[in-house]
Amino acid sequence: MTLLCLSDIHGEAAGLSEILANASGIDAIVVAGDITHLGGYAEAGAVLAPLQASGIRILAVAGNMDRAGVRKLLGEKGIDIHGRGIMVGGIGFLGLGGGTPSPFGTPWELSDEEASGFLAAGLAAIADAPYKVLVSHAPPRDTKVDRSFAGQHFGSGAVRDFLLSAGVGLCISGHIHESPGEDRLRGCLCVNLGPFKNGRYALITIDGDGPHIAWRKR
């Protein structure tokens with residue numbers, strides 16, 4: 001299975017149509033949050049329009065900078081996997097939107113307790129999946145993919161604890177713009193895609209040997 005993965009669009013979707021026009025063999029599109037920058041329903045619809053026009057299945061969560069209207073749109077389009085688990089091509093996907101508590105009061109922040117509840121609900125729906133993928137806007141805490149420029153860790157403790165115990169093979173995230181890249185927690189490959197608004201995205205192929213990442217920049 002090959003996934004076109006992007007995060008932190010922040011309303012700057014230029015180049016999406018061209019990427020899709022030149023892509024081939026994509027089985028699903030993963031959007032890991034911050035579709036807008038403090039935007040709502042209409043802005044999210046405009047950003048996602050070229051993705052939907054492709055006809056490729058979309059799996060998405062909203063981020064901490066997305067207002068409630070974004071979540072409403074994702075639900076109406078049937079692409080929201082926050083707190084849910086679904087099977088696609090024999091692989092189990094579950095999602096966690098929102099961000100960690102911050103002093104900035106962004107539109108959607110979750111405590112570790114709240115996040116843990118949503119993660120448990122998603123896992124229950126795909127408990128028997130032979131391979132599991134978490135799409136989380138916030139990366140796991142205390143990893144290479146959740147550090148600010150100053151080296152502080154701003155990821156989710158709930159996501160970290162979950163990945164250490166849930167048998168997930170791949171975690172796709174964003175949120176911390178300064179830490180695109182990869183790290184491992186036990187058997188899980190943790191990927192921070194970096195911000196699409198700065199051109200970053202990735203193609204991730206999952207086969208019998210696990211996930212393989214091809215980093216791209218528009």
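Just so it is clear, none of the values below were taken in a lab; they were calculated from the coordinates. Fair warning: this is a prediction, and the values are worked out from it, not measured in the lab. Every residue, glycine as well, gets a Cβ built from its backbone with ideal geometry; the counts of neighbours run over all protein chains shown.
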Practice task
Quick one: dipole size for the range 86-169, taken about the Cα centre, charges +1 on Lys/Arg Cβ and -1 on Asp/Glu Cβ, in debye to the nearest 20.
Solution key: 300
Problem - By average C-beta atoms within 10 angstrom, highest first, the peptides 23-31, 149-157 - result: 23-31, 149-157
Problem - Kyte-Doolittle mean at least 1.6 and Cα axial length at least 27 Å: DSSP H helices in the chain - result: none
Fill in the blank from the handout: Per-residue Cβ contact counts at 10 Å, fewest first, order Thr143, Thr2 as Thr2, Thr143
Handout entry: For Ile58, Ile35, order by how many other beta-carbon atoms lie within 10 Å, fewest first
Key = Ile58, Ile35
Handout entry: Two-site FRET efficiency, Ala14 against Ala150, from Cβ-Cβ distance with R₀ of 35 Å, rounded to 0.05
Key = 0.70
Practice task
Please get the size of the charge dipole for the range 1-130, origin at its Cα centre, with Cβ charges of +1 on Lys and Arg and -1 on Asp and Glu, quoted in debye to the nearest 20.
Solution key: 320
Exercise for the section: Run the quick spin-label model on Ala23 and Asn198: label points 7 Å from Cα toward the beta carbon, then report their separation in nm to one decimal. Expected result: 2.1
Exercise for the section: Could you work out which residue, out of Leu170, Leu59, Leu51, moves most in a Gaussian network model of the chain, that is, has the largest mean-square fluctuation with Cα springs under 10 Å? Expected result: Leu51
Fill in the blank from the handout: The size of the Cβ-based charge dipole (Lys, Arg +1; Asp, Glu -1) of the chain about the Cα centre, to the nearest 20 debye, is 260
Exercise for the section: Set the Förster distance to 22 Å, then compute FRET efficiency between His37 and Glu76 from the Cβ-Cβ distance, nearest 0.05. Expected result: 0.55
Exercise for the section: Rank by packing, highest mean first: peptides 77-83, 4-10, with packing defined as the count of other Cβ atoms within 10 Å averaged across residues. Expected result: 4-10, 77-83
Handout entry: Lys/Arg +1, Asp/Glu -1 at C-beta; the chain dipole; positive extreme among Ser173, Gly55, Val159
Key = Gly55
Handout entry: the range 59-163 shape via C-alpha gyration tensor axes, a/c threshold 1.5
Key = oblate
Exercise for the section: Starting from the Cα gyration tensor of the chain, take the square roots of the eigenvalues, sort them a ≥ b ≥ c, and report rounded, prolate or oblate (rounded when a/c is under 1.5, otherwise prolate if a/b is larger than b/c, else oblate). Expected result: rounded
